[in-house]
Amino acid sequence: MRNSSSDSKNGVARISISLPSDLLASFDRVSRKAGFTDRSKAIQTAMRIFISENEWLSGNESSKGAGLIELLYDPHTRNIEKALTLIQHNYDHIVTSSTHIHLDDDNCLEAILVRGDVRSIKRLAKELAENRGIKSIKVNFIQVI
Ligand code: NI
């Protein structure tokens, strides 16, 4: 980053960033609740979580890991449950289990646990997301290192 300085002896970089003051206030409030007394430590933790959540999307597609795919969908959509089940059958080499929660009249949540390579998990998530009736999809991936 351009406006940063680094202390090579300690491997520490110092940066200056601009952000909305209400965002900072929320961050400080939440990090205090989470037990952080040092803002730098809280930001480091937040950055590690951000990297862990997003790095897999651009990383090596052959790398292995495990994850959770969460699907929120409308159960009134024709054939949606059958479609979701058939897709999971096609990926039975990576799907380890799934749980279904009937949230309310118009919403179902399907939580699918997977383990395998990044490529397969991405493909499964894409095929699931393409179905009509899917309101949202979230993929949480943890790389095995
Ligand atoms: Ni349901």
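Quick rundown of the values:
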| item | result |
| --- | --- |
| Residue check, LEU86 assigned to a helix (DSSP H, G or I) and open to solvent by less than 20 Å² (accessible area, probe 1.4 Å) | no |
| Residues satisfying the stated conditions in the range 117-135, i.e. in a strand (DSSP E or B) and under 16 Å from the mean Cα position of the chain (by Cα) | ASP117 |
| Any chance ILE49 is modelled with pLDDT under 95 and part of a helix (DSSP H, G or I) | yes |
| Filter result for ASN107 (open to solvent by less than 90 Å² (accessible area, probe 1.4 Å), in contact with a helix residue (DSSP H, G or I) (Cβ under 9 Å, 6 or more places away or on another chain) and within 16 Å of the ligand (Cβ to nearest atom)) | no |
| THR77 vs. criteria within 22 Å of LYS135 (Cβ to Cβ), part of a strand (DSSP E or B) and β-branched (Val, Ile, Thr) | no |
| Residue list for the range 58-83, filter: more than 16 Å from the ligand (Cβ to nearest atom), surrounded by fewer than 16 Cβ atoms within 10 Å (Cβ to Cβ) and in contact (Cβ under 8 Å) with a residue 12 or more places away in the chain | GLY59, ASN60, GLU61, SER62, SER63, LYS64, LEU68 |
| ASP92, sole failed condition from (1) open to solvent by 80 Å² or more (accessible area, probe 1.4 Å); (2) within 18 Å of the chain's Cα centre (by Cα); (3) closer than 15 Å to ALA125 by Cα; (4) among the acidic types (Asp, Glu) | (2) |
| Candidate set: the range 113-145, residues that are of a type in the set (Lys, Arg) and within 13 Å of GLU70 (Cβ to Cβ); chosen: the one least open to solvent (accessible area, probe 1.4 Å) | LYS135 |
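The values are calculated or read from the model by the stated rules, or taken from the named source; none is laboratory data. Predicted model only: the values in this text are computed from it and were never measured. Here Cβ is always computed from backbone atoms with ideal geometry, including for glycine, and neighbour counts include all displayed protein chains. For accessibility, only protein heavy atoms count, side chains too; no ligands or nucleic acids. Shrake-Rupley method; radii C 1.70, N 1.55, O 1.52, S 1.80 Å.
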